[in-house]
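The values are calculated or read from the model by the stated rules, or taken from the named source; none is laboratory data. Note that this is a predicted model, so its numbers are computed, not measured. Ideal geometry is used to build each Cβ from the backbone, glycine not excepted, and the neighbour counts take in all protein chains shown. We work out accessible area using only protein heavy atoms, side chains counted, and drop any ligands, DNA or RNA first. Shrake-Rupley method; radii C 1.70, N 1.55, O 1.52, S 1.80 Å.
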Amino acid sequence: MDSIRAPGRPAGTRPAGSRINRWLGHRAAKPIGFTLALLPFVSLVWAAFSDQLGANPAEALIRSLGDWTIRFLVLVLAVTPLRTVTGWVALARLRRMAGLYVFFYACMHLLAYAWFDMEFSVPGIVDDVIKRPFILVGFLSWLLLLALAATSFNRAIRAMGAQRWQLLHRAVYAIAGLAVLHFFWMRSGKNDFSEVAVYATLFAALLGWRLWRRLSKPRTA
């Protein structure tokens, strides 16, 4: 008997989703992903040392590191919808690494601010956090990221239990909201909200998709 195959698909071929899952599941996928995620940082460091960051290099570096933090946060929140819609289940292998890169870029953003803006003055940083709301919001989001990064490993999951671990890591939604608010307040001085609107829309769509999925699930008795 001839084997059953999907209409219009040549014999011996596999769905594109299975091929992508094989690529994502390859042992080289993580090193490649790690390298690609590090490239923006390497590029910024090179630009700083070669004096290619414009008239205000400190501001450009701080802003760019913040931009990459929020971009990786979008990427992390996009993993689950992409897995569900495309069937690329192997994307889950890269989600933890992407989440740790959110924390890495957030740390570099904070370090650049503390170094170039505040010259590592702890009293000055504390005073800035208290007096400037957008700095306070950014610092709160970093503290939440610190908690997620510290508990992102299997040993922490076992120690906390899956339910409590999942509850803690839902703080990523609060981090997304704080990141947009931080960005909004930062741009309010220049009255330029175009990028803020883009990220706010992306986060709203990703979180709205999750809410729709949760509400559309059939309720059991």
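Within region 164-197, the set of residues being more than 16 Å from G138 (Cα to Cα), under 15 Å from the mean Cα position of the chain (by Cα) and assigned to a helix (DSSP H, G or I) comprises just one member, H169. For F120, the criteria (1) in contact (Cβ under 8 Å) with a residue 12 or more places away in the chain; (2) of a type in the set (F, W, Y); (3) not in a helix (DSSP H, G or I) hold in every case but one, which is (1). Name the single residue that is surrounded by the most Cβ atoms within 10 Å (Cβ to Cβ) among those in region 45-66 being within 18 Å of the chain's Cα centre (by Cα) and free of Cβ contacts under 8 Å to residues at least 40 places away in the same chain. Filtering first and then ranking leaves S64.
Within region 148-157, the set of residues being surrounded by fewer than 15 Cβ atoms within 10 Å (Cβ to Cβ), hydrophobic (A, V, I, L, M, F, W, C) and part of a helix (DSSP H, G or I) comprises A150, A156. Of A98, A159, all but one fail to be farther than 18 Å from H182 by Cβ and within 14 Å of the chain's Cα centre (by Cα); the exception is A98.
Reported count of residues in region 17-71, each being over 17 Å from A98 (Cβ atoms) and charged (D, E, K, R), is 6. Among all residues of region 183-202, there is none that is among the small types (G, A, S), surrounded by 15 or more Cβ atoms within 10 Å (Cβ to Cβ), touching a residue at least 12 places away in the same chain (Cβ under 8 Å) and more than 16 Å from V74 (Cα to Cα). Return yes or no: is L110 surrounded by 19 or more Cβ atoms within 10 Å (Cβ to Cβ), free of Cβ contacts under 8 Å to residues at least 40 places away in the same chain, of a type outside the set (K, R) and more than 24 Å from R213 (Cβ to Cβ)? Here the answer is yes, as L110 does meet what is asked. Contact annotation: residue pairs with Cβ atoms under 6 Å, 6 or more positions apart or on different chains, pairing a residue in region 158-170 that is open to solvent by less than 80 Å² (accessible area, probe 1.4 Å) with a partner that is part of a helix (DSSP H, G or I), are W165/I157; H169/L148. Just a yes or no: is a residue in region 127-137 in contact (Cβ under 8 Å) with a residue 60 or more places away in the chain, in a helix (DSSP H, G or I) and touching a helix residue (DSSP H, G or I) at 6+ places or on another chain (Cβ under 8 Å)? No, region 127-137 has no match at all.
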